[in-house]
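Participant: Sharing a structure, written as C-alpha cells. Questions coming.
The values are calculated or read from the model by the stated rules, or taken from the named source; none is laboratory data. The structure displayed is predicted, hence computed values, not measured ones. Quick reminder, even Gly has a Cβ in these numbers, built from the backbone with ideal geometry, and neighbours come from all protein chains shown. These area figures cover heavy atoms from the full protein model, side chains too; ligands, DNA and RNA do not enter into them. Shrake-Rupley method; radii C 1.70, N 1.55, O 1.52, S 1.80 Å.
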Amino acid sequence: MKKFQCMICGFVYDESIGDPEHGIEAGTCWADVPEDWTCPECGVAKIDFEMLEFE
Amino acid sequence: MNHEPVVIIGSGLAGYAVARELRKLESELPIIMLSADHGGFYSKPMLSNALSTGKTPDTILNGDAVKMAGQLKISIRPHCRVTAIDQSNNTIMLDDGEKLSYGQLVMALGADQICLPLEGNAASKVLSVNDLDDYRCFRDALVGKKQISIIGAGLIGCEFANDLVSADYQVHVIDIGAQPLGRLLPPAGGTFIQNKLEAVGVNFHLNTSTQCVEQVGERLHLTLANGETIESDIVLSAVGLRPRTKLAEMADIKVNRGIVVNQLLQTQSNNIYALGDCAEVEGKVLPFVMPITHAARAMAATLAGNPTPVHYPAMPVLVKTPACPTVVSPPDFSISGEWHVNVDQDGVKALFQDESSNLLGYALLGTATKEKNMLAAQLPPVLM
C-alpha cells in the first residue's frame, strides 16, 4: 500500500486507510480514487498530491 | 474573448492556484506571472512544521520558476515588482520601467507580517517568516542555537513553537492575550492547548507584551511589560498579517481591510481581480488555504469567460500542533450565539450555537478532533 501527500497542506492519503468519510473505502488504490476527489484538509485536487516513499 | 494575456501579480499559493486552474480551462491563453521573489512554487503552510516533517528550505521548494513555467505553460518573471496599475490603458508599470499590457489582471499579492514597534538596540534583529526566503534565513540562524523567543501565540506562533520544541529548542512564547489562539478558541480551548504545549516544553508568557530587545554579547535580552526578562538566541515575531493593499490603493481601487472584491472576485474594475490573503471577499478576509482553492476555481472560470461567483462551504482550519491536534471553524461572530464547551482529560469539544441550537462554528482539540468532518457537515456555508 502506498501513501500520497498533498503538496499544499501536507495531508497524507494512505491507501490502506482510504478516506471513508468521503466515500473512499480503506484499501482503495490511488489510481482508483476518483479524479474529482479533493483533499479533505484543504480542498485541492488529486493532481496536487505526490507519492511519498514507502514507510 | 480577447487574447491579451492574463497577468497574475504574485507567485504564492493564490497566484499559482489561479494559474493552474485557468490553464486547465484554457490551453492557449497567454498567462504571465510576476513574482517579487524567486517565483518558485512551494506551500507556505509547510514552513511552520518543516522541522518535525524533516523538510529543509530546498525540499520545501516544489519547483523553481523555470520548471513551473514549463509545467503550466505560463511565463514567469521572477524578481519583478509592479509599481503602478494604469486602469484606463490596461497596463501595469514594472520596477525596471517596462510597461506591460493585460487583458485581465489578478492581484494575488498576499499579506505582510505585522511588525510591532519595539525598543532596544536589537529590535531590528527580530525575525519574521512570511515566505520561503525568510524561512531560509531563519533556518540558517537556528544553526548552533538553543533558545528561541516567539512574539505572538496565534496560529503561526503556536505552530512554530511546537515545531521548534520537537527539534529540542527551548521556546518561549509571549502574547498580550490571556491564552494562546485567542482569536480562534474559547478560553477552555486556549487553556487546553496551552497545557499540552507546556507539557512538551513550550514556556508561555501571557497577558504581557515585549517592550525591548537588547543585544548583550551574542545573546538577545527581551524585557517584557510585566518586568520579566528572557534571554534568547533568536527572536521570531508572529503577531499577525496585514493584507497588501498599497498597489490597489494607488490605483484608486477600493480597499477596506483587504482589496474589496465582489463574489466574482472582481474589484470595481471588471477586468481586475483579487484573491487570497490580500483580498476582502464580500467583507471577509480569510488568510487560509481552503478559501484560496475555492476562489481560484471560481476565478479561473470567470477569467475563461464563464462568470462564476465563489461559494465558500464551511472551511475548518487545522492548527498544525502535533502536541495538541486542533481544528477550528471560527464562527461569524456578527451572528449571535454562544459557546457550549465540553472538556475532559483528552480533549475539548466547543460548539458555537445560536438560540435554536444551530451549529455556527466549532473548536475541537485533542481526541474531539475525530468529530471534525461529521460536525463540519452541520456547519453553515461561509459564503452562500
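Participant: Starting at the first residue of the range B:338-343, write each ³J(HN,Hα) from the Karplus equation 6.51 cos²θ - 1.76 cosθ + 1.60 with θ = phi - 60°, in whole Hz, x for Gly and Pro.
Facilitator: Taking θ as phi minus 60°, the curve returns 8, 6, 10, 10, 10, 10 Hz for the range B:338-343.
Participant: Using only the alpha carbons of the range B:237-360, what is the convex hull's orientation-averaged projected area in square nanometres?
Facilitator: 10.3
Participant: What figure, in Å² to the nearest 10, do you get for the accessible area of B:D346 with a 1.4 Å probe and non-protein molecules left out?
Facilitator: Near enough 90 Å² of accessible area.
Participant: Heads up, I need the accessible area for A:C29: 1.4 angstrom probe, whole protein in place, Å², nearest 10.
Facilitator: A:C29 exposes around 60 Å² with every protein chain in place.
Participant: To make sure I understand the rule: partners must be lysines, Cα under 26 Å from the Cα of B:K320, and not fewer than 8 residues away in the same chain. Which ones qualify?
Facilitator: A:K2, A:K3, A:K46, B:K44, B:K55, B:K145, B:K146, B:K196, B:K284, B:K349, B:K370, B:K372
Participant: Could you do me a favour and compute the accessible area per residue for the protein assembly as shown, 1.4 Å probe, result in Å²?
Facilitator: Counting only protein heavy atoms, the per-residue value for the protein assembly as shown is 45 Å².
Participant: Please work out, to two decimal places, the log10 of the ratio I(q)/I(0) at q = 0.09, 0.17 Å⁻¹ from a Debye calculation in which every Cα of the range B:190-297 carries one identical scatterer.
Facilitator: -0.45, -0.84
Participant: While we're on this one: What residues have an amide H closer than 5 Å to that of B:V317, excluding those fewer than 5 places away on the same chain, when H is modeled at 1.01 Å from N in the peptide plane?
Facilitator: When sequence neighbours closer than 5 places are left aside, the close amide H contacts are B:V328, B:S329.
Participant: Would you work out the Kirkwood radius for the protein assembly as shown? I mean one over the mean of 1/r across all pairs of different Cα atoms, in Å.
Facilitator: 23.0
Participant: Using a probe of 1.4 angstrom, how much of the accessible area of the range B:86-238 is carbon and sulfur, in percent?
Facilitator: That fraction is 48 percent.
Participant: Leaving out ligands, DNA and RNA, and with a 1.4 Å probe, what % of the accessible surface on the range B:292-384 is carbon or sulfur?
Facilitator: Percent of accessible area from carbon and sulfur atoms in the range B:292-384: 53.
Participant: Would you check the accessible area of A:H22, probe 1.4 Å, heavy atoms only, in square angstrom rounded to 10?
Facilitator: Its heavy atoms expose roughly 90 Å² to the probe.
Participant: Taking both sides together, what accessible area is buried at the A/B interface, probe 1.4 Å, expressed in Å² and rounded to the nearest 100?
Facilitator: Separately minus together, A and B give about 1300 Å² buried.
Participant: A follow-up question, please. Taking θ = phi - 60°, what integer Hz values does the Karplus form 6.51 cos²θ - 1.76 cosθ + 1.60 yield along the range B:348-360, in sequence order, with x for Gly and Pro?
Facilitator: Result, rounded to whole Hz: 10, 10, 10, 10, 9, 10, 7, 4, 8, 6, 6, 6, 10.
Participant: Still on this model: So what's the net charge close to B:T321: Lys and Arg +1, Asp and Glu -1, counting the other residues with Cβ under 14 Å from its Cβ?
Facilitator: Neighbour charge sum, excluding B:T321 itself: -1.
Participant: Also, quick follow-up: If you wrap a convex hull around the Cα atoms of chain A, how much volume per residue is inside, in Å³?
Facilitator: Once divided by residue count, the hull of chain A is 70 Å³.
Participant: Can I ask one more? What aspartates and glutamates could a cross-link reach from B:K73, if we take a straight Cα to Cα line under 19 Å and drop same-chain neighbours fewer than 8 places away?
Facilitator: In chain and number order, the partners are A:D48, B:E4, B:E21, B:E26, B:E28, B:D64.
Participant: Follow-up. What is the magnitude of the charge dipole of the range B:95-194 about its Cα centre, with +1 placed on the Cβ of each Lys and Arg, -1 on the Cβ of each Asp and Glu, and no other charges, expressed in debye to the nearest 20?
Facilitator: So the magnitude is around 340 debye.
Participant: Per the Debye formula with a single identical scatterer at each Cα and no solvent contribution, what log10 I(q)/I(0) holds for the range B:83-184 at q = 0.18 Å⁻¹?
Facilitator: One equal scatterer on each Cα of the range B:83-184 leads to -0.93.
Participant: Something else: What's the magnitude of the charge dipole for the protein assembly as shown around its Cα centre, counting Lys and Arg as +1 and Asp and Glu as -1 at the beta-carbon? Answer in Debye, nearest 20.
Facilitator: 480
Participant: Roughly what % of Cα-Cα distances in the range B:176-231 sit above 13 Å, to the whole percent?
Facilitator: Looking at the range B:176-231, the distances longer than 13 Å represent 64 percent of pairs.
Participant: Name the residues of the range B:33-53 whose accessible area, probed at 1.4 Å, falls by at least 50 Å² once all protein chains are in place instead of their chain on its own?
Facilitator: Hits at the 50 Å² cut-off: B:M46.
Participant: Moving on. With a bin width of 20 angstrom, please list the P(r) values of chain B as percents of all Cα-Cα pairs, from the 0 bin to the one holding the largest distance.
Facilitator: Spelled out per bin, shortest first, that is 27, 55, 19, 0.
Participant: Next question. Taking all protein chains in place and a 1.4 Å probe, what share, in percent, of the accessible surface of chain A do carbon and sulfur account for?
Facilitator: The C+S portion of the solvent-accessible surface of chain A is 53 percent.
Participant: Here is a further query. Please list the non-local residues whose amide H lies under 5 Å from the amide H of B:H205, H modeled 1.01 Å from N, same-chain partners needing a gap of 5 or more.
Facilitator: Long-range HN contacts for B:H205: B:V173, B:I174, B:D175.
Participant: Using only DSSP helix segments of four residues or longer, with each worth -39500 (n - 2.57), what per-residue ellipticity at 222 nm results for chain B after dividing by its residue count and rounding to 500?
Facilitator: -6500 deg cm²/dmol
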